[in-house]
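Report on one structure; see the data block that follows.
The values are calculated or read from the model by the stated rules, or taken from the named source; none is laboratory data. From a predicted model like this one, the values you see are computed outputs, not experimental measurements. All Cβ positions, glycine included, derive from the backbone under ideal geometry; neighbour counts span all protein chains shown. Just the protein is used for accessible areas: all its heavy atoms, side chains included, with ligands, DNA and RNA removed. Shrake-Rupley method; radii C 1.70, N 1.55, O 1.52, S 1.80 Å.
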Amino acid sequence: VCAKLGIAEYAYSNYPDNRLDIISLLDKCKYVEQNVDFEPNLIFTHHPDCLNIDHEIVYRTTVTVFRPQTKKEQTILSYAVPSSTDYNPRSNFYYDVGATYNIKMECLIENYATEMRPHPHSRSYENIENLMKTSGAEIGVSYAEKFELIRSTR
């Protein structure tokens with residue numbers, strides 16, 4: 001995914017899947033602080049009401065690490081994950097993804113095939129595309145993603 005998006009520098013941990021709750025919040029925050037050596041002005045994270053425990057904890061870690069301690073502009077957007085947050089999304093921010101639609105679909109096919117389900121499941125390729133089309137139609141573009149604005153110091 002990073003290669004497709006043109007991201008050359010990244011870090012990832014080897015934490016156990018669906019078990020982030022067994023690792024202290026402090027340890028997870030320290031990991032992020034040690035691996036992010038700049039102050040991002042735009043941060044994407046999971047939605048706080050996600051049904052997946054790891055997603056919920058990633059959100060909490062994100063807002064803990066990136067507290068608004070500096071006077072720099074910073075925006076945190078949370079996103080919904082189909083079949084994990086689609087029962088409780090609170091979208092109030094849209095992002096036009098028309099230019100990156102093909103990249104997203106390629107990344108889903110290449111990296112998340114085992115996570116995808118047959119239509120009409122909410123995590124099917126067809127539904128992902130339909131969600132982007134519907135979100136896009138709500139703001140007058142071909143494809144969009146919905147987010148919840150968590151904090152913005154702009």
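Here are the numbers:
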quantity	calculated
Student exercise, the chain dipole from Lys, Arg, Asp, Glu Cβ charges, in Debye to nearest 20	380
The chain - share of DSSP beta bridges that are antiparallel (%, nearest 5)	65
Tilt relative to the chain, helix 125-139 - C-alpha long axis, 0 to 90 degrees, to 10	80
Of K72/K104; K28/K71; K4/K133, pairs whose Cα-Cα distance is over 27 Å	K72/K104
Share of carbon and sulfur in the accessible heavy-atom surface of the chain [1.4 Å probe, %]	50
Signed unit charges on C-beta, dipole axis of the chain, positive-most listed residue N14, T61, M132	T61
For the chain: accessible area per residue (Å², 1.4 Å)	65
Hull-based mean projected area of the chain, where the convex hull spans the alpha carbons, in square nanometres	9.7
Residue-averaged 222 nm ellipticity for the chain, from DSSP H runs of 4+ at -39500 (n - 2.57), nearest 500	-10500 deg cm²/dmol
Largest-first principal axis extents of the Cα set of the stretch 76-141 (Å)	30, 27, 24
